[in-house]
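The values are calculated or read from the model by the stated rules, or taken from the named source; none is laboratory data. Bear in mind that the values here come from a model prediction, so they are computed numbers and not experimental data. Backbone-built Cβ (ideal geometry, glycine too); neighbour counts: all protein chains shown. Heads up: the accessible areas ignore ligands, DNA and RNA and are worked out on the full protein's heavy atoms, side chains in. Shrake-Rupley method; radii C 1.70, N 1.55, O 1.52, S 1.80 Å.
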Amino acid sequence: MRAPSELREWLTAGAAALLAQGAARGARRDAAQALHDLFRAITDPEAGDDPADARDLPLPTGRALAPLSAGRCVIDFMRTSCYLRALRLAIAEAGRRCGAVPVHVLYAGCGPFAALAVPLMPGLTEGAVTFTLLEVNARALAHARAVIEALGLGGFVRAYVQADATVWRHDAGAPVHVVVAEALQAGLEQEPQVALTANLGPQLADGGIFVPERITLRACLADRAREHDPAGGGSRSGDRVRVDLGPVLEITAAGLDGGRWQDHPGAAAGAVLPAATVVIPRHEVAARDFFILTHLEAGGGLALGDYDSGLTCPRLLHELRGLAPGTAVAFTYHVGARPGLRAEVVRRPR
């Protein structure tokens, strides 16, 4: 194994393009791959013989990705860049708001690389910022510890905690000033981001910041043939045909759709949460495919929109295609072993 100082040089070089405001997409892509390769070289979970590295962990509120799958999320370069930059801003802002030294960051679902925190550490001051790394998968947590120790960054870590972030309670003597958590897929499906936010958001100290600060799901009608160009590798936004049907669900650290998490006490225990009802417009539209769009505001003006990341790829609802004008569709969000939106046609035109 290389010396920690040499590994940190590689880490800093890999993080530079991901943290730079004006970096080109290609530079960010290469940097994310370089970070993944560095972390893999330290942990090398694929070379191990423990099948847990390749197995998702089912939870009462969704599933925790296997260490191998979670590690590959680093390669989603726009996601990694956006979160890193937003977390860096959140740490600075929380320090100003809370007047706390050190700023205590809770990284919920840190995965095998703690990849949304480790690249920031060389640019932070030890003693001014401290991290609690929370992870339900013991193998992933062990890999994260190995990464941090190999890089000589252990002085930034307050604690390594194996626990389910949807039910974990922090020590009242150690206020949490920033929470960072990326446990979602497009449409807030499968993974426990909603239950996690409902549990951890209210535990933030006064003035504390949650990253991401807002996730919004919207419904729209679109022509899927004009949505995305696989061969071109990008969305053809100028050619899109869309009809916005309005927001369906919005979550923040404070609550759901502008309300408070305290009003939904079952959000971390398998509740069915009210969402919204949308109506297909009466006028004739060319767009007949029904999509759920995911917009993620990480914080500090940084956001991920359509096709920027795997987290924000529009989700096609095949079962709702071709609904007649005037049809009303009611949505609910289910927080359970298979979290996600459920749709029901509640009124059809006469």
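Across the chain, Cα pairs under 8 Å and at least six residues apart give a relative contact order of 17 percent.
Give the shape of the range 1-139 as rounded, prolate or oblate, defined through the alpha-carbon gyration tensor: a ≥ b ≥ c are the square roots of its eigenvalues, a/c under 1.5 means rounded, and otherwise the shape is prolate if a/b is larger than b/c and oblate if not. Cα axes put the range 1-139 in the oblate bin. Full extension of the chain between residue 344 and residue 72 gives 94.4 nm of extra length, using 0.36 nm per residue less the Cα-Cα distance. Could you tell me whether the range 1-72 comes out rounded, prolate or oblate from its Cα gyration tensor? Rule is a ≥ b ≥ c as square roots of the eigenvalues, rounded for a/c under 1.5, then prolate if a/b exceeds b/c, otherwise oblate. Verdict is oblate for the range 1-72.
With all protein chains in place and ligands, DNA and RNA left out, the 1.4 Å accessible area ranks 176, 167 as 167, 176, largest first. Legend: residues 292, 209, sorted from most to least accessible area (1.4 Å probe; ligands, DNA and RNA excluded), read 209, 292. The phi torsions of the range 142-158, fed into the Karplus equation with coefficients 6.51, -1.76 and 1.60 and a -60° offset, translate into couplings of 5, 5, 4, 4, 5, 4, 5, 5, 5, 8, x, 10, x, x, 8, 9, 6 Hz, rounded to whole numbers, with Gly and Pro shown as x.
Per residue, the range 1-95 exposes 46 Å² of accessible surface when a 1.4 Å probe is rolled over the protein heavy atoms with every protein chain present. For the range 278-341, the relative contact order works out to 39 percent when only alpha carbon pairs closer than 8 Å and six or more residues apart are counted. Label sites at residue 167 and residue 316, each approximated as a point 7 angstrom past Cα along Cα to Cβ, lie 3.9 nm apart. With the convex hull drawn over the C-alpha atoms of the range 301-350, the volume per residue is 142 Å³. Secondary-structure-derived ellipticity at 222 nm for the chain, considering helices only, amounts to -7500 deg cm²/dmol, per-run term -39500 (n - 2.57) for DSSP H runs with n ≥ 4.
Which angle between 0 and 90 degrees, to the nearest 10, do you get for helix 4-19 versus the longest principal axis of the chain when only C-alpha atoms count? The angle comes out near 30 degrees. Shown in residue order for the range 64-72 are the 3J(HN,Hα) couplings computed by the Karplus curve 6.51 cos²θ - 1.76 cosθ + 1.60 at θ = phi - 60°: 9, 4, 4, x, 5, 5, 4, x, 6 Hz (x for Gly and Pro).
Extension gain, residue 50 to residue 2: 0.36 nm times the residue separation minus the Cα-Cα distance gives 14.8 nm. Say R0 is 51 Å: what FRET efficiency, to the nearest 0.05, do residue 174 and residue 244 get from their beta-carbon distance? The formula returns an efficiency of 0.70 here.
Here Rg and Dmax of the Cα atoms in Å was computed from the coordinates, and among (1) 20.7, 73; (2) 18.7, 52; (3) 22.6, 79 the match is (1). The alpha-carbon atoms of the range 264-350 define a convex hull whose volume equals 140 cubic angstrom per residue.
Using C-alpha pairs below 8 Å separated by at least 6 residues, the relative contact order for the range 13-100 is 31 percent.
With each label modelled as a point 7 angstrom along the Cα→C-beta vector, the residue 332-residue 30 pair spans 5.2 nm.
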